[in-house]
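Structure first, commentary second.
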Amino acid sequence: MNVIYNVLLYTVWFVSTYYVVLILLILLSGKDKLYEKRKWNYKVHPKVSILVPAYNEERKIKFTIDSLKKVDYDNMEIIIINDGSSDNTSKVVMENIRGDSRFKFIDRKENKGKAGSLNDGIAHSTGEFIATMDADSIVEKKMFYKVLPYFENKNVGAVTVSVLVKNPKTFLHKIFELEYIIGLSLFLKAFSLFDAVYVTPGPFSIYRKSVLQEIKGFDPGNITEDLEIAYRIQKKKYKIENCLDAKVYTILPPTFKQICVQRKRWYGGGILTLKKHRSMLLNSKYGMFGYVIFINYMLIFLGLILFGASLYLGASHIISNIGYYTYTGFDLSHWFKNFHIDLLNLGRTTILGYLSLLFTITVLIIGLVLTKTKFAKKKLGLLGYTFMFFLYQLFWTIAIYTVIRGRKIKWR
């Protein structure tokens, strides 16, 4: 057991470290491109249709509408699709868009799901480009002047932006804030540098309408439509770019239970999407995309096995020691009083754990520097970020269990 465990431990440690270091080197070598400002060459502003699907968003959608009203762009339409809400979403929307001709409202009584709502919006849109936006997100004023120049390359099918957390207040939200800064912003920029972006995040992404029509829109049967559509865009050999300089702010679920439900949907949907598009794995036909997806999921599943094995071995060790200490009359309080770390006597596994912790903090600091993020308000998140390792194991275990049992994954 120990031999297998050690092989697994060193494999996960080596592959994950190598992978992250490689991504950092790509970012550092291409740091001049991180915030590059693409030149605006359009003689006439192309029309953009912004789609905002909403289901039971009466408390948040006003903030989304207010931010859209402030967008500085003179050729756009905003289509809000009420997806059969059972609350006052419809009333709130109509009160806040009254008198603004840029807004269209599809007030549907039937619940079709987010993908179905987006497809309805596409059918009613008249823009050359389609921007999709969650009803709990805040978009910045100059968004389209930053993202549209990327589409001058006719092979670009979609552009993602930096997804950041709006007003994180709780300890948990401050931890997740760093995940968004690094994972849903900086690393997506890195993946875009070698055509391996695997998600077009729901808070805000923009697509070429002709590409959406070519791939038949979003998949109504998929609960992570923003992930699944990225696979199909990659299959058609279109590029997915990232504009790190453009920002959208999203509101996180307020409670831990709601975060668990959200992550179960994300990760469960990710597994189902992987199953659907498994032919892309390690397929050189799709460039680096198939290899990146394979490594991502390989590390996730090996990490889960390693975590489970560590729990088992750790629990076995504690139980055996408790039995030993009981027979010898060992005073546990005395051990706590005299506890100290002897670096010379640390085991290899413990040293590896400390190195991984140091490496994680280092990566976060480099990431914050590259994203021009101020450290002052991120200290608490940095201190608690290692807790994310345990949360990931919990979220992925719940998602895998749900998929294996064949249970329906709810949106909320």
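Please treat every number below as a calculation from the coordinates, not as lab data. Since this is a predicted model, take the numbers as computed values, not measurements. Don't worry about glycine lacking a Cβ; one is built from the backbone with ideal geometry, like all the others, and counts go over all protein chains shown.
Helix by helix through the chain, keep the DSSP H runs that span 30 Å or more along the axis on Cα and average at least -1.0 on Kyte-Doolittle, and give those back in order. Kindly include the intermediate steps, with their values, before the conclusion.
On the way: long enough: 2-29 (40 Å, 1.86); 289-328 (58 Å, 1.28); 348-370 (32 Å, 1.98).
Qualifying helices: 2-29, 289-328, 348-370.
Beta carbons within 10 angstrom, averaged per residue: use that to sort the peptides 101-110, 213-222, highest first.
213-222, 101-110
Net charge within 9 Å of Glu228 by Cβ-Cβ distance, Lys/Arg positive one each and Asp/Glu negative one each, not counting Glu228 itself?
Residues close to Glu228 contribute a combined charge of -1.
Which peptide among 195-202, 275-282, 48-55, 152-159 comes first, and what is the full order, when sorted by highest mean count of other Cβ atoms within 10 Å?
The most tightly packed comes first, giving 48-55, 195-202, 152-159, 275-282.
Below 8 Å, C-alpha to C-alpha, sequence gap of six or more: please give me the relative contact order for the chain in percent.
Details: 579 pairs, mean separation 74.1, N = 412.
Computed value for the chain: 18 percent relative contact order.
Describe numerically, in nm with one decimal, the distance between label points set 7 Å from Cα along Cα→Cβ at Lys216 and at Cys260.
Rounded to a tenth, the inter-label distance reads 3.7 nm.
Mind putting a number on the dipole of the chain about its Cα centre? Charges go on the C-beta only, +1 for Lys and Arg and -1 for Asp and Glu, and I need it in Debye to the nearest 20.
About 480 debye.
With labels modelled as points extended 7 Å from the Cα through the Cβ direction, what inter-label distance (nm, one decimal) is found for Phe294 paired with Arg405?
Inter-label distance under the simple model: 3.3 nm.
Checking the table Lys141/Lys379; Lys372/Lys410; Lys209/Lys378; Lys174/Lys264; Lys216/Lys275; Lys37/Lys374 against a 31 Å threshold on Cα-Cα, which pairs fail?
Flagged as over cut-off: Lys372/Lys410; Lys209/Lys378.
Could you give me the ³J(HN,Hα) list for segment 106-111, computed from phi with Karplus coefficients 6.51, -1.76, 1.60 and θ = phi - 60°, whole Hz, x at Gly and Pro?
9, 9, 8, 7, 8, 8
What does the highest-first list of 73-79, 130-136 look like by mean Cβ count within 10 Å?
130-136, 73-79
Please give the net charge around Val197, taking every other residue with its beta carbon less than 15 angstrom from that of Val197, where Lys and Arg add +1 and Asp and Glu add -1.
+4
Just report the Cα centroid separation between segment 27-85 and segment 224-271, whole Å.
Taking the Cα centre of segment 224-271 as reference, the centre of segment 27-85 is 16 Å away.
Debye sum, Cα scatterers, segment 95-136, no solvent: what log₁₀ I/I(0) at q = 0.19 1/Å?
Treating every Cα as an identical point scatterer, log10 I(q)/I(0) equals -0.71.
Using 0.36 nm per residue of separation minus the Cα-Cα distance, give me the extension gain between Lys275 and Leu311 in nm, one decimal.
10.1 nm
Helix-only estimate, please: 222 nm mean residue ellipticity of the chain, summing -39500 (n - 2.57) across DSSP H runs of length 4 or more and dividing by its residues, to the nearest 500.
Details: 16 runs with 215 residues, N = 412.
The per-residue figure over the chain is -16500 deg cm²/dmol.
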